[in-house]
Each structure stands twice: as structure tokens, then as C-alpha cells.
Amino acid sequence: MNSDKWKETLVERRVTYTLEKDGKFIIVENVPARVCVETGERFFSPETVERLQQMIWEGEKPKKFIETPVYEFAA
């Protein structure tokens, strides 16, 4: 029987959070998160989630705009 234990090592990092809303992409840079070293999964504190929601849903003015290419992955 295999008794391997799942290991999760979380480290504090600043990450880029992306979201698609109403057909537009939103990018939030330098978001504090705990990141799992093994899987890359990101965890956000309730305060961080609240701030993200405030920025995105209440229409806070962005720091900058960028242009980005779009590709379609068709089978």
C-alpha cells in the first residue's frame, strides 16, 4: 500500500490576478497571495478578495490600459 503524504508548501507572493468580465479582460498586478509551491494554486485572504471585488465591480479607474493579441485554439 502506498502511504505517500500530500505535501503543500505555501509561500507569500505577489501575483497577477486576471478575470474576464462582460467580454473584457481585467488584470490586477501585485496582488498578495499564498501560493502552493507544488501545484501553483493561489489562495487569497478575505481582505484581498474584498479589495479585488471593490476594484473590479465598483469600476475603479485602472492604472493603465494595454493592448493584447487574442488567439483561438480550434480543434
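The values are calculated or read from the model by the stated rules, or taken from the named source; none is laboratory data. Being a predicted model, the structure only gives us computed values, none of them experimental. Here Cβ is always computed from backbone atoms with ideal geometry, including for glycine, and neighbour counts include all displayed protein chains.
Can you pull out every residue in the stretch 8-29 that is out of contact with any strand residue (DSSP E or B) (no Cβ under 6 Å at 6 or more places or on another chain) and hydroxyl-bearing (Ser, Thr, Tyr)?
Thr9
Out of all the residues in the stretch 1-20, which are assigned to a loop (DSSP other than H, G, I, E, B) and either under 23 Å from Glu58 (Cα atoms) or of a type in the set (Phe, Trp, Tyr) (or both)?
If the condition is that a residue be assigned to a loop (DSSP other than H, G, I, E, B) and either under 23 Å from Glu58 (Cα atoms) or of a type in the set (Phe, Trp, Tyr) (or both), then Trp6 is the only one that fits.
Restricting to the stretch 1-55, name every residue that is more than 28 Å from Phe65 (Cβ to Cβ) and β-branched (Val, Ile, Thr).
Scanning the stretch 1-55 gives Thr9, Val11, Val37, Thr39.
So, in the stretch 20-75, exactly how many residues are of a type in the set (A, V, I, L, M, F, W, C) and surrounded by 10 or more Cβ atoms within 10 Å (Cβ to Cβ)?
Looking only at that region, the number is 15.
So the check is Cβ under 6 Å with 6+ separation or different chains; which pairs have a first residue in the stretch 44-62 that's under 24 Å from Arg34 (Cα atoms) and a second one that's surrounded by 11 or more Cβ atoms within 10 Å (Cβ to Cβ) and not aromatic (Phe, Trp, Tyr)?
Phe44/Ala33; Thr48/Pro32; Ile56/Ile26
Which of the numbered conditions does Trp6 fail, given that it passes all the others? Conditions: (1) among the aromatic types (Phe, Trp, Tyr); (2) over 18 Å from the mean Cα position of the chain (by Cα); (3) at pLDDT 95 or above.
Condition not satisfied by Trp6: (3).
Find the residue count for the stretch 21-46, including only residues that are assigned to a strand (DSSP E or B), farther than 24 Å from Lys61 by Cβ and among the charged types (D, E, K, R).
Let us first name the residues in the stretch 21-46 that are assigned to a strand (DSSP E or B), namely 21, 24-36, 42-43.
Pick out the ones that are also farther than 24 Å from Lys61 by Cβ and you get 34-36, 42-43.
Narrowing the set further to residues that are among the charged types (D, E, K, R) leaves 34, 42.
Qualifying residue count, the stretch 21-46: 2.
Scan the stretch 28-75 for residues that are β-branched (Val, Ile, Thr) and at pLDDT 95 or above and jot them down.
From the stretch 28-75, those β-branched (Val, Ile, Thr) are 28, 31, 35, 37, 39, 48-49, 56, 66, 68, 70; that's our starting set.
Correct list: Val28, Val31, Val35, Thr48, Val49.
If you scan the stretch 30-40, which residues turn out to be farther than 9 Å from Leu10 by Cβ, touching a strand residue (DSSP E or B) at 6+ places or on another chain (Cβ under 8 Å) and not polar (S, T, N, Q)?
Val31, Pro32, Ala33
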